[in-house]
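To keep things clear, I will list the structure first and then write my remarks on it.
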Amino acid sequence: MVKLHITKIKEWLILSGFTTLVLLILLWQAKLPVWQDHLQVDVVSFFNRNHDFWLRGSFKAINYNEYQPGALLFFLLPGLQPEARLDFYTYENIFFGLNLFLIWLHFFVYKLQRPFLNILSFIMIIAFGGPILLFRFELLVSLIILLSFYFWGRKRPGMALILLGVATSIK
């Protein structure tokens, strides 16, 4: 029994260590000028929507909008820090932090459902996805869909369908 517990702790340490390493590499890559200028374009758009909302109190002033309501609400989260409402670089750093947090949440949801090799596969997908993951909001959608699968597997179809609806409202 103790040996099994130690094995689980080692497994968790290995997986969380790999995840941390991958996240540090992604963050480093995201700040490289070679990629940052190209990838930053969407975050600038998110920041503009965030800025307009906090300035005017609604999204009404947006002339052209390609984002679903759930995504617009996600873009507001960094703006809860008042400095991020006016300063793009503060907004971007908070946005990166949110996405890093979402990757960690993916890790824990996978840990609830999947064995070691599946989590390792997830970490590899994140690594190969590259820093673009930090500049987008798809991690939120994928986490909600993953949670929907989790509830479907637990025979809670109502919750699974609600989460699919939330994911649809975002993407």
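Brief remarks follow.
- Within the accessible area of the range 65-171, the carbon and sulfur atoms contribute 70%, probe 1.4 Å, all protein chains present.
- Full extension of the chain between ASN93 and VAL34 gives 19.5 nm of extra length, using 0.36 nm per residue less the Cα-Cα distance.
- Equivalent ellipsoid, the range 1-131 (semi-axes from 5 times Cα gyration tensor eigenvalues, Å): 35, 16, 13
- In the full protein context, the range 72-139 carries 48 Å² of accessible surface per residue, based on a 1.4 Å probe and ignoring ligands, DNA and RNA.
- One decimal place: the segment LEU27-VAL41 gains 3.4 nm when fully extended, by the rule 0.36 nm per residue minus the C-alpha distance.
- Crossing angle, helix 33-56 versus the chain [Cα axis fit, 0-90 degrees, rounded to tens]: 60 degrees
- Between ILE125 and ASN65, residue separation times 0.36 nm minus the direct Cα-Cα distance comes to 18.6 nm.
- Helices in the chain, meaning DSSP H runs of at least 4 residues, each add -39500 (n - 2.57). Divided by all residues, the mean residue ellipticity at 222 nm is -26000 deg cm²/dmol.
- A DSSP coil position with no more than 14 other Cβ atoms inside 10 Å describes the following GluC sites (Glu not before Pro) in the range 47-128: GLU66.
- The range 10-53, accessible area per residue, ligands and nucleic acids excluded (1.4 Å, Å²): 56 Å²
- Ellipsoid semi-axes for the range 105-171, based on the Cα gyration tensor and the rule √(5λ), read 22, 17, 6 Å when sorted largest first.
The values are calculated or read from the model by the stated rules, or taken from the named source; none is laboratory data. Just so we're clear, the structure is a prediction, and the values are computed from it rather than from any experiment. Positions of Cβ are backbone-derived with ideal geometry, glycine not excepted, and every protein chain shown enters the neighbour counts. Quick note on the areas: whole protein, heavy atoms, side chains included, nothing else; ligands and nucleic acids left out. Shrake-Rupley method; radii C 1.70, N 1.55, O 1.52, S 1.80 Å.
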